[in-house]
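So the structure is just underneath, and the comments pick up after that.
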Amino acid sequence: MTLPAGLCCLEESCECDFYQPQAKGRQFELELSKMGVGCFFTNKRTIIRGLIYRGLELKRRLTKMGFEVIEVYPYATKLILFGDQVPRRVASGSLSFHKEKLPELIPGLAPCVDMLDRPSCDAAFNAYTGYLYSKNGTDSLGDPSEGTLIVPKLPR
Ligand SMILES: [Zn+2]
């Protein structure tokens, strides 16, 4: 939902990183990497440019409508909440792990947990992170002047 400091876009043809050669990604992406949380880095070589532009546009529109917009990342949320218990995305038990854990966090989900697929589980973890944010139950990674990632409170 934000670009790395100093960039106006992710186009290789634009010289917006000419005077300030860009880092591998945004500050919080580098912090996630140090924590062992894999993610796609936001830079001009990204393979998810279209998704990033979509996120930027959604943020712009929602902000214009008066909403406070935060960036969250379900994989980071899950790893912070459940640590090494989180199965790899491709693991056979991955979906059942999510279906077991989500109703513990969001009791209202229990009656419809069988309808959840992976994207809706991720959406539910994102919504839960937003809920934690509203209750001061989160920390933020990264540089506020560039863009932050909201995550559940980190262990002290
Ligand atoms: Zn540019």
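The values are calculated or read from the model by the stated rules, or taken from the named source; none is laboratory data. None of the values given here were measured: they were computed from a predicted structure. Note: ideal-geometry Cβ built from the backbone for every residue, glycine included; neighbour counts use all protein chains shown.
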Quick one: count up the residues across the range 12-29 that are within 29 Å of VAL86 (Cα to Cα) and surrounded by fewer than 16 Cβ atoms within 10 Å (Cβ to Cβ). 1
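Quick check: is even one residue across the range 6-14 within 16 Å of the ligand (Cβ to nearest atom), among the hydrophobic types (A, V, I, L, M, F, W, C), in contact with a Gly (Cβ under 8 Å, 6 or more places away or on another chain) and modelled with pLDDT under 95?
So in the range 6-14, the residues within 16 Å of the ligand (Cβ to nearest atom) come out as 6-14.
Narrowing the set further to residues that are among the hydrophobic types (A, V, I, L, M, F, W, C) leaves 7-10, 14.
Subset that is in contact with a Gly (Cβ under 8 Å, 6 or more places away or on another chain): none.
Within the range 6-14, none of the residues are within 16 Å of the ligand (Cβ to nearest atom), among the hydrophobic types (A, V, I, L, M, F, W, C), in contact with a Gly (Cβ under 8 Å, 6 or more places away or on another chain) and modelled with pLDDT under 95.
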Answer with yes or no whether ALA76 is modelled with pLDDT under 90 and either more than 18 Å from GLY142 (Cβ to Cβ) or not in a loop (DSSP other than H, G, I, E, B) (or both). no
Positions within the range 15-59 being within 12 Å of the chain's Cα centre (by Cα) and either acidic (Asp, Glu) or part of a helix (DSSP H, G or I) (or both), in sequence order: PHE28, GLU29, LEU32, ILE52, GLY55
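Residues are listed down the side, and each one gets a yes or a no for (1) modelled with pLDDT under 95; (2) within 22 Å of GLU29 (Cβ to Cβ); (3) in contact with a strand residue (DSSP E or B) (Cβ under 9 Å, 6 or more places away or on another chain):
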site: GLY83; (1), (2), (3): yes, yes, no
site: PHE97; (1), (2), (3): yes, no, no
site: LEU109; (1), (2), (3): yes, no, no
site: LEU116; (1), (2), (3): yes, no, no
site: PHE125; (1), (2), (3): no, yes, no
site: LYS135; (1), (2), (3): no, no, no
site: THR138; (1), (2), (3): no, yes, yes
site: GLY142; (1), (2), (3): no, yes, yes
Among the numbered conditions (1) within 16 Å of the ligand (Cβ to nearest atom); (2) assigned to a helix (DSSP H, G or I), tell me where THR63 comes up short. (1)
